[in-house]
Amino acid sequence: MISHDELIDRCFTLSPDVRYAAVYINDVLRSRERAGLSGASAAESDRYEELLVNPAVLTLVRQRGNIDCGGLRYVVIRYGNFYQCVFPVPGGHVAVALETTSSLDRHLESIRTKIGEWVAPDER
C-alpha cells in the first residue's frame, strides 16, 4: 500500500473541489487541508472527527447496510461549509471534504474507485 501522505496527495489531484483529505488506517492518522480555505474547521476538531466520529458512523452504517441493504460504499455528511465524504477501507477510512458547489454525482464514484485502487489493489 502507498503511504498515508501519498494517498492524501493523490486525493488532492482528483479535483480542485477537494478541500481536505484524511487517512486513518491501522491507528495512524494523517490529514491535510488545501491552503487558503474559507470556512475551514479547526485542526483539533478535524482530528477528533477522524478518530471518533467517522469510525463510529461507519460502524453504524456498515452494520445497517449489511443487514439487507447491500453493504456500505461511503457516507456523505453535509456540513454548512463542505461535504465530508467518508470511504471505508481495510483497517480504517479515507475522508475527502468537497466544496458545497461540487457535483457529488460526478465525484463520489470516481473518488471511491480511485481510493480502492490505491489502498487495496490486490483485494478488489
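General remarks:
- Residue in the stretch 87-97 that is open to solvent by 40 Å² or more (accessible area, probe 1.4 Å), within 20 Å of residue 6 (Cα to Cα) and assigned to a strand (DSSP E or B) present: no
- Members of the stretch 58-80 that are over 19 Å from residue 111 (Cβ atoms) and not β-branched (Val, Ile, Thr): 60, 63, 64, 66, 68, 69, 70, 80
- Residue in the stretch 50-61 that is farther than 18 Å from residue 115 by Cβ, polar (S, T, N, Q) and at pLDDT below 95 present: no
- Test: residue 63 is under 14 Å from the mean Cα position of the chain (by Cα) and either in a helix (DSSP H, G or I) or closer than 22 Å to residue 7 by Cβ (or both): no
- Checklist (1) farther than 24 Å from residue 118 by Cα; (2) open to solvent by 80 Å² or more (accessible area, probe 1.4 Å); (3) in a loop (DSSP other than H, G, I, E, B) applied to residue 80, failing item: (2)
- The sole residue among 24, 20 that is in contact (Cβ under 8 Å) with a residue 40 or more places away in the chain, touching a Pro at 6+ places or on another chain (Cβ under 8 Å) and surrounded by 17 or more Cβ atoms within 10 Å (Cβ to Cβ) is 24.
- Meets criteria (surrounded by 19 or more Cβ atoms within 10 Å (Cβ to Cβ) and out of contact with any helix residue (DSSP H, G or I) (no Cβ under 8 Å at 6 or more places or on another chain)) for residue 60: no
- Among the conditions (1) in a loop (DSSP other than H, G, I, E, B); (2) open to solvent by 60 Å² or more (accessible area, probe 1.4 Å); (3) under 18 Å from residue 25 (Cβ atoms), residue 72 misses just one, which is (2).
The values are calculated or read from the model by the stated rules, or taken from the named source; none is laboratory data. All of these numbers come straight from a predicted model, not from anything done at the bench. Ideal geometry is used to build each Cβ from the backbone, glycine not excepted, and the neighbour counts take in all protein chains shown. Heavy atoms of the whole protein, side chains included, go into the accessibility calculation; ligands, DNA and RNA do not. Shrake-Rupley method; radii C 1.70, N 1.55, O 1.52, S 1.80 Å.
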